[in-house]
1. Do we have any residue at all in the range 108-128 that's small (Gly, Ala, Ser) and more than 26 Å from residue 176 (Cβ to Cβ)?
2. Give the number of residues within the range 97-155 that are over 20 Å from residue 45 (Cβ atoms), among the hydrophobic types (A, V, I, L, M, F, W, C) and part of a loop (DSSP other than H, G, I, E, B).
3. From the list 230, 244, 187, pick out the single residue that is surrounded by 17 or more Cβ atoms within 10 Å (Cβ to Cβ) and either touching a helix residue (DSSP H, G or I) at 6+ places or on another chain (Cβ under 9 Å) or more than 13 Å from residue 68 (Cβ to Cβ) (or both).
4. Please specify each residue of the range 222-231 satisfying the condition of being under 16 Å from the mean Cα position of the chain (by Cα) and either hydrophobic (A, V, I, L, M, F, W, C) or farther than 30 Å from residue 10 by Cα (or both).
5. Determine whether residue 1 is at pLDDT 95 or above, assigned to a loop (DSSP other than H, G, I, E, B) and of a type in the set (S, T, N, Q).
6. Run down 69, 56 and say which single residue is touching a Ser or Thr at 6+ places or on another chain (Cβ under 8 Å), surrounded by 13 or more Cβ atoms within 10 Å (Cβ to Cβ) and β-branched (Val, Ile, Thr).
7. Every residue in the range 180-197 that is closer than 14 Å to residue 238 by Cα and either assigned to a strand (DSSP E or B) or of a type in the set (D, E, K, R) (or both), please.
8. For the condition farther than 17 Å from residue 68 by Cβ, at pLDDT below 95 and out of contact with any Asp or Glu (no Cβ under 9 Å at 6 or more places or on another chain), what is the one hit in 159, 146, 163, 140?
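The values are calculated or read from the model by the stated rules, or taken from the named source; none is laboratory data. Just so it is clear, the model here is predicted, and its values are computed rather than measured. Cβ: placed from backbone, ideal geometry, glycine included. Neighbour counts: every protein chain shown.
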Amino acid sequence: NNQTQISAKSVTISGTDDAVDNAGMSTQMAYQLAKMGKELKRDMERAFVGVENAKVAGNSSTARETASVGTWYGGNKPGTSSAAGNFSTNGSPSATPAGTGATAIAGGSNRTFTEALLKAGLLKAFELGGEPETVMMSPSHKQLASAFNGVATKYKDASDRVSIGTTDIYVSDFGEVAFVPNRHQQANRVDILQMDMWSVDFLRPFQTTDLAKTGDSDKKLLLAEYALCAKAPNANYGIFNLTA
């Protein structure tokens, strides 16, 4: 199980700002709340894939934190005491994930992201029952991966007239996977993911609360309380200790 985490942002708008005619906006408050909502979603994405963060139970002085993707690798095979081995490291890290969200990787030495590392990860995920279809990576790793021999499609058609070089389709021995660049991805890790084995669960969905008015200004708080849910960690594979 994971811990929930609260992400929140506040907005303060003066009476004048909300009263003037804002071209293309219903009100300045509504516009700022929409912007804050997008910022919160980016914060959440970074909490999931952009850091190596173990879950924190929290107390009166420490906020709760949800465990990131990288901490869910490394559990045992179901019904056994033997390690699943669904991650790869380099250079003897001082700590490695244990499949529970409680431990994050620490230390080790970085190496280049190679097709051999990718193929080893796809093999292990398949052996453990996974059917990954997404390989999430940083922009620099995406540039490396685009040159792998197994890349069959260099461009994904967006329409009859437009094609974009955003997603490469890699044909492995175990099916096709999409190379997806993520600007929030942790720079030293690549994730081989079966996306339906992950979810974002909300204790409190996005909600707005009125705060005490200060003089002529209205204040609102936008928050969400959520956790990353790893439904079947062994269906995925993490490649750690990569050169950024």
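1. Start the filter on the range 108-128 by keeping residues that are small (Gly, Ala, Ser), which leaves 108-109, 116, 120-121, 125.
Then drop every residue that is not more than 26 Å from residue 176 (Cβ to Cβ), which leaves 108-109.
Among the residues of the range 108-128, at least one is small (Gly, Ala, Ser) and more than 26 Å from residue 176 (Cβ to Cβ), which makes the answer yes.
2. So the count comes out to 6.
3. On the way: 244 fails: surrounded by 17 or more Cβ atoms within 10 Å (Cβ to Cβ); 187 fails: surrounded by 17 or more Cβ atoms within 10 Å (Cβ to Cβ).
None of the other options fit; the residue is 230.
4. Within the range 222-231, 227, 228, 229, 230, 231 qualify.
5. On the way: at pLDDT 95 or above: no; assigned to a loop (DSSP other than H, G, I, E, B): yes; of a type in the set (S, T, N, Q): yes.
No, not satisfied.
6. Working: 69 fails: touching a Ser or Thr at 6+ places or on another chain (Cβ under 8 Å).
That would be 56, the only listed residue that is touching a Ser or Thr at 6+ places or on another chain (Cβ under 8 Å), surrounded by 13 or more Cβ atoms within 10 Å (Cβ to Cβ) and β-branched (Val, Ile, Thr).
7. If we filter the range 180-197 for residues that are closer than 14 Å to residue 238 by Cα, which is where we start, we get 185-195.
Answer for the range 180-197, where residues must be closer than 14 Å to residue 238 by Cα and either assigned to a strand (DSSP E or B) or of a type in the set (D, E, K, R) (or both): 189, 190, 191, 192, 193.
8. 159
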